[in-house]
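The values are calculated or read from the model by the stated rules, or taken from the named source; none is laboratory data. A quick note: this is a predicted structure, and the numbers were derived from the prediction, not measured. Here Cβ is always computed from backbone atoms with ideal geometry, including for glycine, and neighbour counts include all displayed protein chains.
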Amino acid sequence: MAVFSRPPTPGSPLAQEPCLSCGARADSVCNAIEDADLGRLAAFAVVSEVQPGQTFIEEGDPADSFFNLTAGSAKLYKLMTDGRRQITGFVGRGHFLGLAVSATYAFSAEAIEPVRLCRFSRVRMFRLLGEFPALERRLLERAATELVAAQEQMLLLGRKTARERVASFLDVLCRPGAGPCGRAAPVVALPMSRSDIADYLGLTIETVSRTLSRLRSEGLIEIPSPTTIRICDPARLAALASG
């Protein structure tokens, strides 16, 4: 169950301190706001903690809030009427959810790890955007990025081979600010299960495992543990991902 804390009183020092010390600020849309104005944003935020396996956005529910992840990672998914699930993405620290929706949420979000997030009322957030044009521009940039990611996902599922899909998945996680990894690094964190990866890539678990083993035998990656992968040859991996 999510644990919620009340936002501090607007204008108080306590309203500013959490945002100033937040480790996700550099990766988040919040960095568009100057330090002196952070209290206005923090005053609208309701902080919550979500445990692994718990859902904090339900597909079809009224889209009355935005969510800014400040710690942990989550998976986004859609359900078909017969119960089948398609994972549409993985998000981590610094991701802002709820932009590309209309009256209701078009996806569900479930915590993979312990997640900490700030929830903002859409009504109050839109009011705040009128006062901070830089924040509005940053949100538009994020929305555009989401559209590009959706197009890449369509290409991945429609045209790429199993090896290209797995390589694309790992390559994206190594990009700065993308995926649960959060930054470019030779070691990629994989908090999600192999089943989740398979669901996201439109493959079977066996195919994902075989493909990872093949990439390891070819010297492209190492697998120190089930939740980490070391990228040994980023250039070759990127070339394979691009087809």
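Table: residues versus (1) farther than 30 Å from SER21 by Cα; (2) hydrophobic (A, V, I, L, M, F, W, C); (3) touching a Pro at 6+ places or on another chain (Cβ under 9 Å).
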{"residue": "PRO62", "(1), (2), (3)": "yes, no, no"}
{"residue": "PHE66", "(1), (2), (3)": "no, yes, no"}
{"residue": "GLY72", "(1), (2), (3)": "no, no, yes"}
{"residue": "LEU76", "(1), (2), (3)": "no, yes, no"}
{"residue": "LEU79", "(1), (2), (3)": "yes, yes, no"}
{"residue": "ARG84", "(1), (2), (3)": "yes, no, no"}
{"residue": "ARG93", "(1), (2), (3)": "no, no, yes"}
{"residue": "PHE96", "(1), (2), (3)": "no, yes, no"}
{"residue": "SER102", "(1), (2), (3)": "yes, no, no"}
Residue, nearest to ILE197 (Cα to Cα), within segment 97-124, restricted to residues that are of a type in the set (Lys, Arg) and either at pLDDT 90 or above or in contact with a Gly (Cβ under 9 Å, 6 or more places away or on another chain) (or both)
ARG116
For segment 13-24 the number of residues that are over 16 Å from ALA43 (Cα atoms) and either outside the structural domain of VAL46 (by TED's automatic domain parsing) or modelled with pLDDT under 75 (or both) is 1
Selection status of THR55, in contact with a Ser or Thr (Cβ under 6 Å, 6 or more places away or on another chain), in the same structural domain as PHE126 (by TED's automatic domain parsing) and of a type in the set (S, T, N, Q):
yes
Being of a type in the set (S, T, N, Q), touching a residue at least 60 places away in the same chain (Cβ under 8 Å) and surrounded by 14 or more Cβ atoms within 10 Å (Cβ to Cβ), is that true of even one residue in segment 99-110?
no
Give the residues of segment 196-243 that are within 21 Å of ALA74 (Cα to Cα), assigned to a helix (DSSP H, G or I) and among the β-branched types (Val, Ile, Thr), sorted by residue number.
ILE197, ILE205, VAL208
May I ask you to list the residues in segment 191-243 that are surrounded by fewer than 16 Cβ atoms within 10 Å (Cβ to Cβ), within 30 Å of VAL115 (Cβ to Cβ) and among the small types (Gly, Ala, Ser)?
SER193, SER195, SER209, SER225
